[in-house]
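Have a look at the structure below before the remarks.
The values are calculated or read from the model by the stated rules, or taken from the named source; none is laboratory data. Only a predicted model underlies this, so the values are computations on that prediction, with no experimental measurement involved. Neighbour counts run over all protein chains shown; Cβ positions are idealised from the backbone, glycine included.
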Amino acid sequence: MESYDTLLATLALTMGASWASGINLYAVLLVLGIGGATGNIDLPPDLLVLTNPLVIGAAGLMYAVEFFADKTPGVDTGWDAIHTFIRIPAGALLAAGAVGDVSPGIEIAAGLLGGSMAATSHFTKAGSRMLINTSPEPVSNWLASFAEDIVVVGGLWTAFNYPLLFLVLLATFLLAVIWLLPKIWGLIKLIVLKIGRFLNIVEEEPSIIEKGVTGFSGKALGEGLASQSKSSGLDPPRKN
């Protein structure tokens, strides 16, 4: 029973840290670092480096920067674009370190799963923010950003205290993402196309009527009239 609980806790920490890092990496580093330093969180040996005061200080500084950047329309999308190259590798490293002292094969597998989990949550967040930025008022950005911070802290707390519940909620999140993410990126593509047409960067696609007119040549019209005349027993019109 003890080994089962340990496995469940390790799995929840592995997936939880990588999932949350795709949303707000610096909040994750702060929670793990401060929690480990104060003894409230029992970190595996490979993650004890997060309790270093320099790491906590750097994470706190970057969290403060992200706190404001993430709540500014337009800036948040640029911030997410840059952090595509930071959150995903960091999620992989956190997942690999969370499994503890195991074989290299398990660490690599955990890193791959962690990177994929971080990528899933990151692209879901980034896509949702791009859609929110189409709204002219900034309140929706603030609400989304505060909600993400609460979800990250609450998710990590659940992962440490109720690992089985967290894994069930995570599985629900993944099912929702499978259904939602293609729709989000489809809407983003539509918005980008409209912006490109407005700026004359993308050519207007011909309408269905225009396609029908341009695709119906005079030769095809003549052949159609001739075929109809033969079937009705009439001679096709002759040129003078």
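Summary table below
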| read-out | value |
| --- | --- |
| Per-region count, the stretch 51-68, residues surrounded by 11 or more Cβ atoms within 10 Å (Cβ to Cβ) and closer than 18 Å to Leu94 by Cβ | 10 |
| Residue check, Asp80 acidic (Asp, Glu), out of contact with any strand residue (DSSP E or B) (no Cβ under 7 Å at 6 or more places or on another chain), touching a residue at least 60 places away in the same chain (Cβ under 8 Å) and part of a helix (DSSP H, G or I) | no |
| Residue within the stretch 22-33 that is outside any helix (DSSP H, G or I) and among the small types (Gly, Ala, Ser) present | no |
| Residue within the stretch 100-111 that is among the hydroxyl-bearing types (Ser, Thr, Tyr) and either at pLDDT 95 or above or in contact with a strand residue (DSSP E or B) (Cβ under 9 Å, 6 or more places away or on another chain) (or both) present | no |
| Per-region count, the stretch 177-189, residues more than 14 Å from Met117 (Cβ to Cβ) and either free of Cβ contacts under 8 Å to residues at least 60 places away in the same chain or under 11 Å from the mean Cα position of the chain (by Cα) (or both) | 9 |
| Test: Leu143 is at pLDDT 95 or above, more than 15 Å from the chain's Cα centre (by Cα) and in a helix (DSSP H, G or I) | no |
| Filter result for Ala126 (more than 28 Å from Asp42 (Cα to Cα), small (Gly, Ala, Ser), assigned to a helix (DSSP H, G or I) and in contact (Cβ under 8 Å) with a residue 24 or more places away in the chain) | yes |
| Enumeration of residues in the stretch 44-76 that are part of a loop (DSSP other than H, G, I, E, B), modelled with pLDDT under 95 and not acidic (Asp, Glu) | Pro44, Lys71, Thr72, Pro73, Gly74 |
| Some residue of the stretch 101-119 being touching a Phe, Trp or Tyr at 6+ places or on another chain (Cβ under 6 Å), part of a helix (DSSP H, G or I) and crowded, with 19+ Cβ neighbours inside 10 Å | yes |
| Subset of the stretch 163-189 [more than 21 Å from Gly91 (Cα to Cα) and surrounded by 13 or more Cβ atoms within 10 Å (Cβ to Cβ)] | Leu180, Ile184, Trp185, Leu187, Ile188 |
| Selection count, the stretch 83-104, where residues are more than 17 Å from Thr124 (Cα to Cα) and without any contact (Cβ under 8 Å) to a residue 60 or more places away in the chain | 7 |
| Single residue of Ile209, Ile195 found to be part of a helix (DSSP H, G or I) and modelled with pLDDT of 55 or more | Ile195 |
| Residue in the stretch 28-43 that is buried (at least 18 other Cβ atoms within 10 Å of the Cβ), of a type in the set (A, V, I, L, M), touching a residue at least 24 places away in the same chain (Cβ under 8 Å) and under 19 Å from Ala144 (Cα atoms) present | yes |
